[in-house]
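Worksheet for the structure shown next.
The values are calculated or read from the model by the stated rules, or taken from the named source; none is laboratory data. A quick note: this is a predicted structure, and the numbers were derived from the prediction, not measured. Cβ sites come from the backbone with ideal geometry, for glycine too, and all protein chains shown count toward neighbours.
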């Protein structure tokens, strides 16, 4: 046995701190949800009776089935749409491919419920397209209900499949397909038997992410599900209690949600993570030669899908500058919506900006050292730390919010009612992304650089400050911006945890929608889109250089 | 005097004994090569000298100074890394100055020494360039200049040439040797390339599974390999096993497959022996030429001919025994399938002690 030297003290310390923080702000609240789901009505004995009771009610059973159907449907559509598109982007001469790749990730960062709201503006009961269709006597398409929900989710999250699959296709060495063709397979057979199977782990990993994100989502079903039960929404409704709060039933639905996401993520970790084929392509495979028709078709298809995902956001921005009378939109230009918004919501805007900044700082300060330990000190301890820091991925915002209320509303640590609880919940939710971003950045910095510095006489601590940190800083800043942007549009935990003065921009928009003020809602949506896009544009080059992805 | 004394060094990774009881004395000014296949522990041994891996047991001294307990940044070793490890955020001059700044050398002297070091590796006017503007060979030179400019007691080179193409490798190894000799610096050089090891080393340690297989000069290692492994790892060799059938003075007749060979050994009939015979020590006899005095000979048939320019490699079958032969003579006459006589000098056969 070696004594615990300085070199192992650092990773050990980081692991310990991470464990304490996550135990307090993730495990403890989740345990409270679990306990709530198990307590009988007297609040004294633990029992599984609540699960039987809730699942005995057809409405909640339908909620579980609806959530799973939605997740599976959105994932399936994402694959069907994303894989051909990925192949086109990787291998065909698409017009404006670099631009397309640059904006293809945007649907992931733009707030999903803003997108859902845009679809309501277009295809909802008094939507623009609906009314236009009605005026020429055509039946309208309904955006409400399961098909509409599935489509909106698929359009929002197909880049989760698209982006890694493009990378996977690009990473297949040309010799693979040449070998297949040389052995007598056709191009199409080569795609089905060689290229697709090699890219499949990346495709499935993306599809699982779509599944998890979809069943965790709160805002989209809240707007579009109408009276159909969805787990994340019903858990919230039961917890907040329109007819009296019911933490036991809310706990049961929350735990069901957690089981579903954990199961999906375990499949990802145990099964898919090991099935990455190492396909070190010496160079990117060349573009395939297709005729003009093929080129135009592929270009239209790829641009069409991305624009279809992004157009709703543009529509919202345009609408926000048009006058509403009551719920009805009129042609014209006005900034009245923004004047009303500023009047009502300048405090929430500041809240959003401040909270996002505080939470980003916290997530970075915790995530960066964890990422460093994971990359530079491979050990059993690092394995535990890795699993631990990825756990928040498996917990829906609504569930974590409910857990925080149950855990920190009373007792030895009271946090609810202030800003701190929101900042903490955001930081916890974004920790996995931060850890992975830090790891990704560090993977690009050869450990031998640090060793060279130490070998030349600079102590490890000073090496970190004067060499590693400057090499990382661009990537870290990029990662912070991505974190910040994601927190700005957080709704599902905020809705459970916010209190009076600490409402955020997303809450303002949510309330405006509920309260029938579409003008204010569209103005709030535009502000959210701007607050998301502008920082991303500012650091775009940084993100490209450090190969940071939004997934 | 910067000689290096390594005593009883051990390092275990999990269940694997990466370095298993290694003791070495590397003399001042010597270029000492650790040679072995991947996973033999040569890099671990080098990294223990540099301080990036802690030994479980044993000690390392440089001169009178014990260094194995020192943190790596105080060991005063200059290391050249396999992937060069040139700092991408500093210019060439910035890279070379890095270690001098850490030693708080005054700026005017830094400038002078950096210029001198860059001159040494023939990169005089490249100081203001950025690493991404340089070729692999130039990066290698920067790495060398950066390690040498701090005037370390010991130069450590971890497979420094493995990322270069073949021609450049030959050129750079000559340059490394020239620099090392002109500066008189003690150097440890890790490589898996036996030709490189033979070409530039004062002495070579052949390593296998964490242990030293043999330590010696290149000629000793090549001509008098201590073990079958060392014989096989360095150069091409006919490694044969047989049974002694008769003793003739200081020699024995050894049966290998269906052939009998004369081998310099004094063991009783019935014992097993391993021998090594280099391809160039087997000679093809023209039909009318006599077998030299004291040599042995075999009747054989040519199986394969590989013409390599300066020499020709042949695969020759004597009964069931297949032998590799190398000759510098013109062998236009021989063809696949020809019957030939193979002669060998028993004195050139290496006999290994039975395991």
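Quick notes on this structure:
- Residue count for the range A:329-387 satisfying the condition of being touching a strand residue (DSSP E or B) at 6+ places or on another chain (Cβ under 8 Å) and surrounded by fewer than 19 Cβ atoms within 10 Å (Cβ to Cβ): 1.
- Residue match in the range A:137-149 (condition: within 18 Å of the chain's Cα centre (by Cα), part of a helix (DSSP H, G or I) and assigned by TED's automatic domain parsing to the domain that holds residue A:220): yes
- Lone unmet requirement of (1) surrounded by fewer than 22 Cβ atoms within 10 Å (Cβ to Cβ); (2) farther than 21 Å from residue B:323 by Cβ; (3) within 12 Å of the chain's Cα centre (by Cα) for residue B:208: (3)
- Strands (runs of 3 or more DSSP E) contained in the range B:99-213 and holding at least 1 residues within 14 Å of chain A (Cβ to nearest Cβ): B:154-158, B:186-191
- Boolean, residue A:499 is out of contact with any strand residue (DSSP E or B) (no Cβ under 9 Å at 6 or more places or on another chain), touching a residue at least 12 places away in the same chain (Cβ under 8 Å), surrounded by 21 or more Cβ atoms within 10 Å (Cβ to Cβ) and over 21 Å from residue B:70 (Cβ atoms): no
- Filter result for residue B:43 (touching a residue at least 12 places away in the same chain (Cβ under 8 Å), touching a strand residue (DSSP E or B) at 6+ places or on another chain (Cβ under 7 Å) and at the interface with chain A (Cβ under 8 Å from one of its Cβ atoms)): no
This table checks each residue for (1) in contact with a helix residue (DSSP H, G or I) (Cβ under 6 Å, 6 or more places away or on another chain); (2) farther than 17 Å from residue A:370 by Cα; (3) outside the structural domain of residue A:504 (by TED's automatic domain parsing).
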| residue | (1), (2), (3) |
| --- | --- |
| A:422 | yes, yes, no |
| A:429 | yes, no, no |
| A:438 | yes, no, no |
| A:458 | yes, yes, no |
| A:473 | no, no, no |
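- Index of the failed condition, residue B:91 passing every other in (1) over 16 Å from residue A:450 (Cα atoms); (2) surrounded by 15 or more Cβ atoms within 10 Å (Cβ to Cβ); (3) touching a helix residue (DSSP H, G or I) at 6+ places or on another chain (Cβ under 6 Å): (3)
- Selection of the range B:220-249 for residues being under 22 Å from residue B:260 (Cβ atoms), outside any helix (DSSP H, G or I) and in contact (Cβ under 8 Å) with a residue 24 or more places away in the chain yields B:237, B:238, B:239, B:240, B:241, B:242, B:243, B:244, B:245.
- Each residue in the range B:315-355 was checked for being in a strand (DSSP E or B) and within 25 Å of the chain's Cα centre (by Cα), and 8 pass.
- Residue in the range A:392-409 that is surrounded by fewer than 21 Cβ atoms within 10 Å (Cβ to Cβ), out of contact with any strand residue (DSSP E or B) (no Cβ under 6 Å at 6 or more places or on another chain) and within 22 Å of residue A:484 (Cα to Cα) present: yes
- Residue A:26 being crowded, with 20+ Cβ neighbours inside 10 Å and outside the structural domain of residue A:311 (by TED's automatic domain parsing): yes
- Residues satisfying the stated conditions in the range A:219-232, i.e. touching a residue at least 40 places away in the same chain (Cβ under 8 Å) and within 22 Å of residue A:127 (Cα to Cα): A:219, A:220, A:221, A:222, A:223, A:224, A:225, A:226, A:228
- Residue among B:274, B:299 that is within 22 Å of residue B:224 (Cα to Cα) and outside any loop (DSSP other than H, G, I, E, B): B:274
- Within the range B:51-89, being free of Cβ contacts under 8 Å to residues at least 24 places away in the same chain and either within 11 Å of another protein chain (Cβ to nearest Cβ) or over 26 Å from the mean Cα position of the chain (by Cα) (or both) holds for B:52, B:64, B:65, B:66, B:69, B:70, B:71, B:72, B:74, B:89.
- Residues considered: A:536, A:469, A:513. Of these, the only one that is free of Cβ contacts under 8 Å to residues at least 24 places away in the same chain and more than 18 Å from residue A:423 (Cα to Cα) is A:469.
Each row is one residue, and each column tells you yes or no for (1) within 13 Å of another protein chain (Cβ to nearest Cβ); (2) not in a helix (DSSP H, G or I).
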{"site": "A:404", "(1), (2)": "no, no"}
{"site": "A:414", "(1), (2)": "no, yes"}
{"site": "A:431", "(1), (2)": "no, no"}
{"site": "A:436", "(1), (2)": "no, no"}
{"site": "A:468", "(1), (2)": "yes, no"}
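- Residue match in the range A:439-450 (condition: modelled with pLDDT of 85 or more and not in a helix (DSSP H, G or I)): yes
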